[in-house]
Amino acid sequence: MIGNRLSSWYEQFSDYMERDTKGVEIGIYTVSGVLFAVACYKIRPITKFSKPSDIPNRFIKDQVLQYGNVSSIESAITGPLLKINHRPPLNIFFSSKKRLPVKIAGVQINSNGYSWLQTVTVNREVTFLPLSKENNHVECQVFLHNSSPQKPILDLAECLTILGFANVNNNLGENKNLQKYYDNLIKLQNRAKKTRTGLWAEKIPPPVWPINSIQKYVSKVILSILPQNKRLPELVR
């Protein structure tokens, strides 16, 4: 009995949908429009981020990678801010001059690091992963693109730590993925301390002779025998 009713209702619905009526057309266009609106809301294909509040919280939770160009470096109490010209998937607002203030997450950058960022990032393409939002900036993991595809993409926090231009601070929350990122920065910082690179040259006393000479000799030997693709990029040597 129920099966017969369902079959009858299905046939009636099929007959109705096969008719070329305005109601059917309106229904189809309405459903399509709703689905398109939902997709736009989730993806934000044309939204240009210019302030922290523009970034949806789900972009941080789902770790949605963003793209842009560094226009300038701005000095702030919390450290240098990269003013990024964010580029959405459909970049139709070509004349917009709004810039998103981005702070490199996990590190406290010194004056040498500020100068280094001015030299290597301004007017360069970057990708960035929003990790948290503050009132006046977004904490991000930032990656610098090279002009040549053969060269590696550089993580700016890692570069600054290796060069001794920043010290690591654990402000990345309790996310396990971020904890791995923080642990890696600590390893790089320990390496910079060991070689007294950058800011550690003054904070850590030099090793006594002949340990100092031995360390320099070992570093040169390791660099000479490493294959090119295993060596540190020139920007961080």
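The values are calculated or read from the model by the stated rules, or taken from the named source; none is laboratory data. Predicted, not measured: the structure shown is a model, and the values here were computed from it. Note that each Cβ is placed from the backbone with ideal geometry, even for glycine, and that neighbours are counted across all protein chains shown.
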Check: Is at least one residue of the range 203-222 surrounded by 11 or more Cβ atoms within 10 Å (Cβ to Cβ) and at pLDDT 65 or above?
Finding: yes
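Matching residues to (1) touching a residue at least 60 places away in the same chain (Cβ under 8 Å); (2) in contact with a Lys or Arg (Cβ under 8 Å, 6 or more places away or on another chain); (3) exposed (fewer than 14 other Cβ atoms within 10 Å of the Cβ):
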residue: Val70; (1), (2), (3): no, yes, no
residue: Gly79; (1), (2), (3): no, yes, no
residue: Lys83; (1), (2), (3): no, yes, no
residue: Leu100; (1), (2), (3): no, yes, no
residue: Ile109; (1), (2), (3): no, no, no
residue: Trp116; (1), (2), (3): no, no, no
residue: Val120; (1), (2), (3): yes, no, no
residue: Thr127; (1), (2), (3): yes, no, no
Note to self: Please go through the range 100-153 and give me each residue that is hydrophobic (A, V, I, L, M, F, W, C) and over 22 Å from Lys61 (Cβ atoms), ordered by number.
What the structure shows: Val107, Ile109, Trp116, Leu117, Val120, Val122, Leu144, Ile153
Checklist line | Residue check, Lys98 in a loop (DSSP other than H, G, I, E, B), of a type in the set (D, E, K, R) and assigned by TED's automatic domain parsing to the domain that holds Trp200 | finding: yes
Notebook entry, point to check: Between a first residue in the range 178-196 that is in a loop (DSSP other than H, G, I, E, B) and a second residue that is not hydroxyl-bearing (Ser, Thr, Tyr), which pairs have beta carbons less than 7 Å apart while being 6 or more apart in sequence or on different chains?
Noted result: Arg196/Ile204; Arg196/Pro206
Checklist line | Residue count, the range 39-94 (criterion: at pLDDT 80 or above and among the hydrophobic types (A, V, I, L, M, F, W, C)) | finding: 13
Note to self: Just to be sure I understand, how many residues within the range 54-67 are in contact with a Ser or Thr (Cβ under 8 Å, 6 or more places away or on another chain) and either basic (Lys, Arg) or buried (at least 18 other Cβ atoms within 10 Å of the Cβ) (or both)?
What the structure shows: 2
